[in-house]
Amino acid sequence: MPVLTTDAESETGIPKSLSNEPPSETMEEIEHTCPQPRLTLTAPAPFADETSCLCQAPHEKLTIAQARLGTPVDRPVRVYADGIFDLFHSGHARALMQAKTLFPNSYLLVGVCSDDLTHKFKGFTVMNEAERYEALRHCRYVDEVIRDAPWTLTPEFLEKHKIDFVAHDDIPYSSAGSDDIYKHIKEAGMFVPTQRTEGISTSDIITRIVRDYDVYARRNLQRGYTAKELNVSFINEKKYRFQNQVDKMKEKVKNVEERSKEFVNRVEEKSHDLIQKWEEKSREFIGNFLELFGPDGAWKQMFQERSNRMLHALSPKQSPVSSPTRSRSPSRSPSPTFLWLPHKPSPPFSPKAASASMSSMSEGDEDEK
C-alpha cells in the first residue's frame, strides 16, 4: 500500500502525491487504532479533545473511488464537515446525513466555528457557541465534534485530525478575502460535494422572526417575559398587551359562536328526527283508522252484522205463499160480539210473544173449521 510522504506537498501545503516505496517492517506491524463510528445512540457525540485520534499507523491517502468501494485499510474513512450551525434545523441535519453516508464505512467529524470567528467573518448569531456545540453533539449522524474550528482549513489541521475528505455543498463559498475557501481542498482531490436543502436555512428562519416581530413579541409577553428582556418600549408593551386582550376576546366570541352553532345543529337534527317520527306515527294512525272505519273496514262489517241480527230478531217470519186459504161461505156470518173485559196491561212486546200469539191465532182458526 503506498504511503503518503510529508515532503510531497502542493503549493497550499496539502499532501497530494503518493510514495511508491514500500513501508518499512516497523510501520507494517503497527495496527490502526482510529476511533470507530458510533454504534449506539444512548449518549451524545464526544468532543475531539476528549477522544483525539492517537493512531500511530501511517494514514494512507485514499481516492474517492477507493473510499466508495470500501476502506482498503483497517480503519473508517474520516470525513470532515464544518459550519456555523446556528438555529440547527433539518437542512443542517440532511447535509450531515449526506456526509455520513458518502462511503460504506465513515467516521464523521463536525467542526463548529467559535463566536469570535463567526461574528468577525459572517455576523451575529442567535445561539452562542456552547449551544451550537451541544446541538451538534445530539445529532445522530455525528461521531465527533471539533470545537473552535478554523475558518480556513490548514494542512496542520487536516493532519492533526487525520482527515481524508471534506464534505460541503459545492457552491463557491466566498469569505475572508477568498472567492472560495474550499478551493485548495478541491484541487487536492479531498472535496466531496453535498446537496443543499431548498426552502430552509438559518437566514430564512431569522427573516421570518424579523418579519413577524410583533407577533413573537406579543407571544413572549403573554408567556411572562418582561418588556426589558424583550427590549420593548413602554408604549409598545402597552400596545401589545392591549392587542393580546383583544385577541382573547375574539377567541371567546369565536368559541361562543362555535358552541351556538353546534347547539343549533343539534336542535335541528333532533327536530328533524322528531318530525320524521311524527310523520311515521301519523301515517300509522291514519292507516289503522282507515282499516277500521273505511268503506271496507272492520267496523262497518261488524255494524252490518249486528244490524242484521237485530232486524232478524225483531221481524217475524212471513207465511209461505203456497199455504192453503180458508174457504168462506157466501153469506157472512154476523160478526161475533165481544165482551168487554177489564183492561190488563199488555206484556212488553217481544219476538217470542209475537210468535206465540200468531200460533194461537192459527190454532183458533183450525178449531173453527
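The values are calculated or read from the model by the stated rules, or taken from the named source; none is laboratory data. All values reported here derive from a predicted model rather than from experimental measurement. Backbone-built Cβ (ideal geometry, glycine too); neighbour counts: all protein chains shown.
Which members of region 196-248 meet the condition of being touching a residue at least 60 places away in the same chain (Cβ under 8 Å) and either more than 30 Å from Phe85 (Cβ to Cβ) or among the charged types (D, E, K, R) (or both)? Give the steps one after another, and end with the answer.
Start the filter on region 196-248 by keeping residues that are touching a residue at least 60 places away in the same chain (Cβ under 8 Å), which leaves 196-197, 200-202, 205-206.
Arg196, the sole residue that qualifies.
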Filtering region 103-136 down to residues that are touching a residue at least 12 places away in the same chain (Cβ under 8 Å) and basic (Lys, Arg) yields Lys122, Arg132
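Is region 227-249 home to any residue that is assigned by the TED database to the domain that holds His89, of a type outside the set (Phe, Trp, Tyr) and over 34 Å from the mean Cα position of the chain (by Cα)? Spell out the reasoning first.
Our first condition is that a residue be assigned by the TED database to the domain that holds His89; within region 227-249, this holds for none.
The answer is no; no qualifying residue exists.
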Okay, strands (runs of 3 or more DSSP E) sitting entirely in region 58-161 with 1 or more residues that are farther than 17 Å from Phe191 by Cβ and touching a Ser or Thr at 6+ places or on another chain (Cβ under 7 Å), I get 144-147
